[in-house]
1. For Gln185 and Asn210 in the same chain, what is the full-extension length gain: residue separation times 0.36 nm, less their Cα-Cα distance, in nm?
2. Return the long-range amide H neighbours of Gln124 (sequence gap of 5 or more, or a different chain), with a cut-off of under 5 Å between placed amide H atoms.
3. With each label point set 7 Å from Cα along the Cα-Cβ vector, what nm distance links Ser217 and Leu67?
4. Under a point spin-label approximation (7 Å from Cα along Cα-to-Cβ), what is the Lys10-Ser153 distance to one decimal in nm?
5. Among the lysines, select those whose C-alpha is under 24 Å from the C-alpha of Lys50, and discard any that sit fewer than 8 residues away in the same chain.
6. Could you tell me the calculated FRET efficiency between Gln106 and Glu283, based on Cβ-Cβ distance and R0 = 22 angstrom, to the nearest 0.05?
7. Would you mind calculating the gained length between Ile123 and Met253 on full extension (0.36 nm times residue separation, minus the Cα-Cα distance), in nm to one decimal?
8. Would you tally the net charge around Lys126, using a Cβ to Cβ cut-off of less than 15 Å, leaving Lys126 out, and scoring K and R as +1, D and E as -1?
Amino acid sequence: MELKSLYTVKKIIETGSYLNASKALNYAQSTITFQVKQLEAELDVQIFEKRGNKMALTQEGERLIPLIDNVIAAAEELLTFKKQGKDMQGTLKVALPETLVTYQLQPVFKKFKELAPKVKLAIQVKNCFRVHEELLKGTIDIGIHYDVRKYPSNIEFHEFGTFPMALVASPELDEAERDFITPSQMKSVCHIQNDPNAPYLKMFNRYLENREITLASDLELWSIESIKQSVMSNLGVSLLPKFTVQKELDKDMLIELATEMPGNELTAIYAFNRNKWRSPAMELFLQILREYYGVE
């Protein structure tokens, strides 16, 4: 559902016809007709009917108008937040894992600082389970993480993306060590990881256990970048969100190894306490995030 379609409905009511609305909005009349038909299809109602020379609301259309007014008012309020952003102050505490802060949310943080330069954006990098715990304790305003645990009813959460995983290795890795599908293997390759509690590593370890595939050793490093460099140096293999290694895969600096892991993807969510007051800065941040990921 597009906001401009709601504005179109309001303009038709104001001007009395599709033709007059098209002139007022500087649209082709076919555009007005398309927007109304699309909205009617989405809502499964007929909004307008022809009465003489004018378009009038049906009974269903009349019931929709207060809802349409509420949506438009909410959208305009959010736009006001953006305009007032430069005057916002205070602190906004956001916690999220390294992969999301480094490779996904940077454009969101950048846009937020441009619109609200006086707000102190306190970013905490934690694993998903810690983010979950901190939000429940009330020590952060917004938690962003992969969906790992259920929240109680006082926490509101929304999905904003589903991301595939990739098991990556150096192009120099021996062909015999690239098989991660055949069961019952003892492999001489090393497993490189940064946090054993990361949800995707738990996924990979379960897969290896179910396949009875044993790796020679584990190497625990501090950051995703150090893991990528180590994998490119052929020190081992690593399972990572594919967006963290896409550039290296495109440049043939890394290769992706085939697996048969079920559900080889992670869903990312943002969450906040629905019972706590949401500051203008918090509302602005959530709006930027939703816009960036195309979330309704």
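1. Values: separation 25, 0.36 × 25 = 9.00 nm, distance 1.15 nm.
Value of the extension gain: 7.8 nm.
2. Close amide H contacts, sequence-distant or interchain: Val94, Ala95, Leu96.
3. About 6.2 nm separates the two model spin labels.
4. 3.4
5. Lys4, Lys10, Lys11, Lys23, Lys37
6. Working: r = 21 Å, r/R0 = 0.94.
Computed FRET efficiency for Gln106 and Glu283 comes out at 0.60.
7. Values: separation 130, 0.36 × 130 = 46.80 nm, distance 3.09 nm.
Here the answer is 43.7 nm.
8. Values: positive: Lys93, Arg130, Lys137, Arg149; negative: Glu98, Glu133, Glu134, Asp141, Asp195.
For residues surrounding Lys126, the net value is -1.
Only the coordinates and a few stated rules stand behind these numbers; no lab work does. Bear in mind that the values here come from a model prediction, so they are computed numbers and not experimental data. Note that we place each Cβ from the backbone using ideal geometry, even for glycine, and neighbour counts take in every protein chain shown.
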